[in-house]
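See below for the structure under consideration.
The values are calculated or read from the model by the stated rules, or taken from the named source; none is laboratory data. None of these values were measured; they are calculated from a predicted model. Here the Cβ positions follow ideal geometry from the backbone for every residue, glycine too, while neighbour counts run over all protein chains shown. Ligands, DNA and RNA are excluded from the accessible area calculation, which covers all protein heavy atoms including side chains. Shrake-Rupley method; radii C 1.70, N 1.55, O 1.52, S 1.80 Å.
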Amino acid sequence: PPPVVGGLYCALFGLISAVGVRQLAKADLNVDRNLFIAGFALFMGLSVPAYFQSEAGQEAMNVLAQSYSPGLRDVVQAIGSTGMAVAAIIGLVLDNLIPGTPQQRGIE
């Protein structure tokens, strides 16, 4: 039933969020680099899916399907409308592009 599925989603996504926060605790959050990466990834994880839900986002997806492939549209739509996927991809890309010491990155 839907209430049981809703309860499972709350527990599941709460656990996933807690694991993400635990990973952030390993990085040095006193460094501006890490604060920028974490803040930007979280903000984009909230705002990009909202764009994909809007009329402008749907229009952009239709142009993408006409220009390239309907399959590509489906992949971009699935990733772009999932906040966790957007935040994870942006966080991974920025962490690897912005220079930092191993200690700042939390891998030492």
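Once the Cα-Cα distance is subtracted from the 0.36 nm per residue extended length, the VAL63 to ASN96 segment shows a gain of 8.8 nm.
In this structure segment 16-108 gives 67 Å² per residue of accessible area when probed at 1.4 Å with all protein chains present. Between ALA78, ALA11, ALA65, find the one with the highest GNM mean-square fluctuation for the chain; connect C-alpha pairs within less than 10 Å. Of ALA78, ALA11, ALA65, the Gaussian network model singles out ALA11 as fluctuating most. Multiplying each eigenvalue of the alpha-carbon gyration tensor of the chain by 5 and taking the square root yields semi-axes of 29, 22, 11 Å, largest first, rounded to whole angstroms.
Per residue, the convex hull around the alpha carbon atoms of segment 1-56 comes to 80 Å³.
Given +1 at the Cβ of Lys and Arg, -1 at the Cβ of Asp and Glu and no other charges, the dipole of the chain around its Cα centre is 220 debye to the nearest 20.
Axis angle, to the nearest 10 degrees, between helix 70-80 and the longest C-alpha principal axis of the chain: 40 degrees.
The largest-to-smallest principal axis extents of the Cα set in segment 32-94 are 41, 20, 15 Å. Using only Cα atoms and rounding to the nearest 10 degrees, what angle (0 to 90) does helix 2-26 make with the longest principal axis of the chain? Tilt relative to the chain: about 40 degrees. Axis angle, to the nearest 10 degrees, between helix 55-67 and the longest C-alpha principal axis of the chain: 80 degrees. For LEU12, the accessible surface of its heavy atoms amounts to roughly 80 Å² (probe 1.4 Å, protein chains only, rounded to the nearest 10).
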